[in-house]
Amino acid sequence: MRVLSWNLYHGRDFPPDEVLFTLRSRLLRVTERNETHVQVNRSLSREFSGWLADREWDVALLQEAPPLWFRAFQRRAAATGVRVFTSRNVVPPLQRLAAFANPDLIASWEGGSNQLLVREPGRILERRRMTLTLRPERRTMLWARAELAGGAIACFANLHASAGLPQKASAELLAAAASAVEWSEGNPLVFGGDLNLRPGRHPAAFAELRERFGLGEPTGPNAIDHLLARGLEVVEPPRQLAPEERELTEPDGRRLRLSDHAPVVAQWQVGSPEVLR
């Protein structure tokens, strides 16, 4: 079972050269270029959905995903899915229109969502959500029980925890993990997303996830995007993809780098459906 987690940065690009982020690009939608990369201010729905469709995964956990891209992701990736709205969904129709007209200007005020996709012939059997905080931003865990190809059953929890507030993020993380484990009723569980905590700086939260909930090792000491598993045999431990792996080639040969987050991938072996104690 291959699992991918990715914060999509509201469907925007993030080149490595900060000089390319200009006021004229943000206001006038001018494409900025250096010798190797571009910074664009246009809808990248086709680019993100194409990237997801071309990757090998069985389940994908997405954060900061534009809500309107949900069906395109399912269609292009041949997947079924569930979605939950997260922060800043105030007047969705107007926000979506503004995001299409000028993605960089409206930025995160486009309104976000957590999405969970399962590649066919897998299917989602049950879905739940848990709202952890409403202020300063809405933080909601999306959970699902899925039947994978071959008939194995596993559960998945997708969370985008609070940024810049480690105590708040820790509390959200532990509350979400408690519910995810309880709802999973002994089925294997993958718990992940943009957790906004670095294990090297905040080891206590990850130690509790491991000792109290049986969740495995995080992606790395300096990562904030994680995939942690319970009741699964590790085939390939969680790792961040290199920046170049989320880049696409523009017609002029320059590179377009998607999102400001690196996707995290991992692979596990799903064993027999024994109940975990």
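The values are calculated or read from the model by the stated rules, or taken from the named source; none is laboratory data. Keep in mind that this is a model prediction, so the values were computed, not measured. Neighbour counts run over all protein chains shown; Cβ positions are idealised from the backbone, glycine included. The protein model used for the area step is the full one, side chains on, heavy atoms only, and it has no ligands, DNA or RNA in it. Shrake-Rupley method; radii C 1.70, N 1.55, O 1.52, S 1.80 Å.
Among the residues of the stretch 6-58, those identified as assigned to a strand (DSSP E or B) and closer than 30 Å to LEU148 by Cα are TRP6, ASN7.
Would you confirm whether any residue within the stretch 112-131 is out of contact with any helix residue (DSSP H, G or I) (no Cβ under 9 Å at 6 or more places or on another chain), open to solvent by 50 Å² or more (accessible area, probe 1.4 Å), part of a loop (DSSP other than H, G, I, E, B) and more than 30 Å from ASP58 (Cβ to Cβ)? Taking every residue of the stretch 112-131 in turn, none turns out to be out of contact with any helix residue (DSSP H, G or I) (no Cβ under 9 Å at 6 or more places or on another chain), open to solvent by 50 Å² or more (accessible area, probe 1.4 Å), part of a loop (DSSP other than H, G, I, E, B) and more than 30 Å from ASP58 (Cβ to Cβ).
Restricting the first member to the stretch 140-166 and to residues that are closer than 20 Å to ALA78 by Cα, and the second to residues that are assigned to a loop (DSSP other than H, G, I, E, B) and of a type in the set (S, T, N, Q), the beta-carbon pairs closer than 8 Å and six or more apart or on different chains are ARG145/ASN187; ILE153/ASN187; ALA154/ASN187; CYS155/ASN187.
GLU244 satisfies every condition listed in (1) of a type in the set (Asp, Glu); (2) farther than 30 Å from LEU20 by Cβ; (3) not in a loop (DSSP other than H, G, I, E, B) except (2).
Restricting attention to the stretch 73-98, which residues are of a type in the set (A, V, I, L, M), in contact with a helix residue (DSSP H, G or I) (Cβ under 7 Å, 6 or more places away or on another chain) and open to solvent by 20 Å² or more (accessible area, probe 1.4 Å)? The one that is of a type in the set (A, V, I, L, M), in contact with a helix residue (DSSP H, G or I) (Cβ under 7 Å, 6 or more places away or on another chain) and open to solvent by 20 Å² or more (accessible area, probe 1.4 Å): ALA98. Of the residues making up the stretch 35-86, those that are within 30 Å of LEU23 (Cβ to Cβ) and among the aromatic types (Phe, Trp, Tyr) number 3. For the stretch 16-30, filtered to residues that are in contact with an Asp or Glu (Cβ under 9 Å, 6 or more places away or on another chain) and of a type in the set (Val, Ile, Thr), the residue that is nearest to GLU244 (Cα to Cα) is VAL19.
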